[in-house]
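To keep things clear, I will list the structure first and then write my remarks on it.
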C-alpha cells in the first residue's frame, strides 16, 4: 500500500540538497540534485519503515487518494 510521506528539502551552502521528514523519525538523505535527494529519501523511508514494521503501523501516514497534487520539479 502506498502512503504519503512529507519531505522537507533544503539547499545547503555546499550546494547539495538535504531531505528530512517529520513523518518518519531518522529520515535524512542528501543528494547533488533535488531529484537525487528525493530518490535517496524514498529508499531510506522504505528501509526505515521495513525495519520498524510494527512501529510503522502506528505512524499517521496518509493513504494515496485517487487524485492528489504533486509538485513536479523540472530542470530547464
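Where a number appears in this text, it was derived from the coordinates with a stated rule and is not lab data. Since this is a predicted model, take the numbers as computed values, not measurements. When we count neighbours, we look across all protein chains shown, and the Cβ atoms used for this are built from the backbone with ideal geometry, even at glycine.
Ranked for footprinting exposure by Cβ neighbours inside 10 Å, fewest first, 76, 40 give 76, 40.
Among 18, 27, 61, the largest mean-square fluctuation in a Gaussian network model of the chain (Cα springs under 10 Å) belongs to 61. When a/c is below 1.5 the answer is rounded, else prolate if a/b is larger than b/c, else oblate, so apply that to the chain with a ≥ b ≥ c taken from the square roots of the Cα gyration tensor eigenvalues. Oblate is the answer for the chain, as a/c is 1.5 or above yet b/c matches or exceeds a/b. By definition, a body whose alpha carbon gyration tensor gives a ≥ b ≥ c is oblate when a/c is 1.5 or more and a/b is not larger than b/c, and region 32-76 fits this oblate description.
By the helix-only formula, in which each DSSP H run with n ≥ 4 contributes -39500 (n - 2.57) and the sum is divided by residues, the chain has a 222 nm mean residue ellipticity of -9000 deg cm²/dmol.
If I build a Gaussian network model for the chain, linking alpha-carbon pairs within less than 10 angstrom, which residue out of 65, 43, 23 has the largest mean-square fluctuation? The residue that fluctuates most here is 65. For the chain, relative contact order (Cα pairs under 8 Å, six or more residues apart, normalised by length) works out to 27 percent. Helix 34-51 and the longest principal axis of the C-alpha atoms of the chain enclose an angle of approximately 20°.
Counting other C-beta atoms within 10 Å, which of 32, 42 has the fewest, and how do the rest follow?
In order of increasing Cβ crowding within 10 Å: 32, 42.
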